[in-house]
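The values are calculated or read from the model by the stated rules, or taken from the named source; none is laboratory data. Here the structure is a predicted model, which means the values were calculated and not measured. Glycine also receives a Cβ, built like all others from the backbone with ideal geometry; neighbour counts cover every protein chain displayed. Surface accessibility is based on the protein's heavy atoms, side chains included, excluding ligands, DNA and RNA. Shrake-Rupley method; radii C 1.70, N 1.55, O 1.52, S 1.80 Å.
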Amino acid sequence: MGLIANANAALFLFSFLLSLDTGAAQYPVQSQNLVTDNVAVVEGEVAVISCRVKNNDDSVIQLLNPNRQTIYFRDVRPLKDARFQLVNFSDNELRVSLSNVTLSDEGRYVCQLYTDPPQEAYADITVLIPPGNPIIESREGQVIEGNETEMTCTAMGSKPAATIRWMKGDKELQGKSKVEETYDAMFTVTSQLTFTVTKEDDGVPVVCIVDHPAVKDVQAQTYLVVHYKPEVKIIVEFPDGLPREGQNMELSCQAKGKPHPQQISWVKVDDDLPSHALITGPDLYIENLNKTYNGTYRCFAANSVGESYDDYILYVYDAPTTTPIPTTATTTTPTTTTISLPEATADTTPSTEPAAHDSRAGEGAPRAVDHAVIGGVVAVVVFAMLCLLIILGRYFARHKGTYFTHEAKGADDAADADTAIINAEGGHNNSDEKKEYYI
């Protein structure tokens with residue numbers, strides 16, 4: 001008896017729901033009293049649909065699928081799809097979850113409040129399908145410096161279409177994208193990037209980044225391989241200072257390139273290398289320097305990309321010498337006077353030679369200073385000082401000072417002072433002048 005009653009109740013409910021569906025299709029009214037939200041869900045995950053009533057007057061709430069089939073009538077699920085499960089039911093809300101969402105579940109779902117006329121609100125479910133792993137390809141594996149390279153990045157099978165960005169190191173580059181829609185409403189995006197490479201790009205990562213609402217941080221990367229001709233630099237191993245006659249010299253040719261330089265050679269511009277110069281790998285060794293070796297020495301380095309060189313200008317200076325000490329000079333006048341110059345010490349005349357450095361192309365080579373000239377200048381200065389002293393001595397000798405003693409002749413034999421004065425007639429004419437000379 002109970003089984004029959006339950007069967008009748010179920011049949012009545014099914015008939016009632018069908019009538020509601022028919023009525024809802026005929027007289028739908030969109031109401032602000034019934035609200036819901038759109039849902040975006042990734043394929044395979046769970047979507048939750050919520051039908052909410054602001055002011056309920058005990059009317060029935062139900063949820064319909066895009067085909068307007070009843071999923072839930074109050075808390076009862078007439079639809080046999082077990083992926084739909086009741087999350088919450090009350091007078092003001094009907095909340096239902098849909099698990100393992102597929103692309104076929106996409107569409108507009110209807111929240112319906114059974115009044116007269118029925119009130120409806122719509123929830124759109126959008127199914128997101130992430131793209132597969134991006135594929136990055138390069139037109140060539142190795143690029144020569146200064147040439148253009150082309151790369152493509154492809155993101156397949158996504159919904160909606162993905163967007164692609166490019167990064168070279170920490171710099172963003174602009175690519176050109178193309179979107180294609182496949183037969184199953186999926187999208188394939190291909191981005192093409194073209195740029196000119198430099199030797200600094202060798203080993204730099206190029207990254208293709210795919211942006212899509214279903215996934216984050218999806219990317220693929222490749223590393224640039226750039227070939228470039230050698231960079232050449234000449235290093236002086238010794239001597240440390242200026243190259244001088246009699247010294248030995250070693251020059252080292254440092255070359256860097258990709259691929260690594262296999263050929264390194266030395267030449268002397270506009271002349272032959274010294275006969276006893278020794279070349280060992282990248283090094284040039286010259287013994288017993290002399291001025292005939294002056295000139296420009298050039299190092300060449302080559303690889304499969306090209307050839308480069310660097311120059312070193314050699315100027316051999318005189319061997320170090322000691323400046324002679326000036327001798328002292330002596331002269332005499334009526335009063336003998338000796339003039340002695342301070343004993344000469346080490347030569348303090350500023351040198352005109354440059355500080356030790358590598359002479360390079362474009363710099364003028366300095367001339368050596370003749371030490372005989374310095375000695376001649378010192379001798380002239382000493383001679384001029386002696387001449388000045390002699391002239392001064394003669395001048396002071398001619399301008400001598402004099403004085404008279406006023407002692408009268410015969411004053412010693414006078415009996416008294418008056419007699420001495422009388423005997424001294426003629427005043428100064430008969431007196432002797434006594435003179436003193438001062439220098």
Net lengthening on full extension, Q174/L386 (0.36 nm per residue, minus Cα-Cα): 67.6 nm
Förster radius 60 Å - calculated FRET efficiency between K256 and Y395, Cβ distance, rounded to 0.05: 0.20
Calculated diffusion of the stretch 160-251, Stokes-Einstein form, Kirkwood radius summed over Cα pairs, 10 °C and 1.306 mPa s, µm²/s: 90
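Set the Förster distance to 45 Å, then compute FRET efficiency between Q32 and E140 from the Cβ-Cβ distance, nearest 0.05. Show your work: numbers first, answer last.
Details: r = 63 Å, r/R0 = 1.39.
After rounding, the FRET efficiency stands at 0.10.
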Spatial extent of the stretch 62-214: Rg and Dmax, with the Cα atoms as the point set, Å: 24.2, 78
Label-zone membership for the stretch 158-195, site E148, 7 angstrom Cα→C-beta point, backbone N under 18 Å: 173-178, 191-195
Radius 13 Å from Cβ of G146, net charge of other residues (Lys, Arg +1; Asp, Glu -1): -3
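Between T321 and K216, what length comes free when the chain is fully extended (0.36 nm per residue of separation minus the Cα-Cα distance, one decimal in nm)? Intermediate results must be reported in sequence, preceding the final value.
Numbers: separation 105, 0.36 × 105 = 37.80 nm, distance 7.76 nm.
Answer, rounded to one decimal: 30.0 nm.
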Full-extension gain in nm, S90 to D75, via 0.36 nm per residue minus C-alpha separation: 4.5 nm
Exposure of M151 as accessible area (Å², to 10), given a probe of 1.4 Å and all protein chains: 0
Estimated distance in nm for a label pair at V204 and E307, the labels positioned 7 Å out from Cα along Cα-to-Cβ: 3.0
I279 accessible area, assembled protein chains, probe 1.4 Å, Å²: 80
Signed unit charges on C-beta, dipole axis of the stretch 96-237, positive-most listed residue G157, T198, A123: T198
Within the accessible area of the stretch 210-322 (1.4 Å probe), percent carbon and sulfur: 46
Where the stretch 207-289 is the region considered: accessible area per residue in Å², 1.4 Å probe: 55
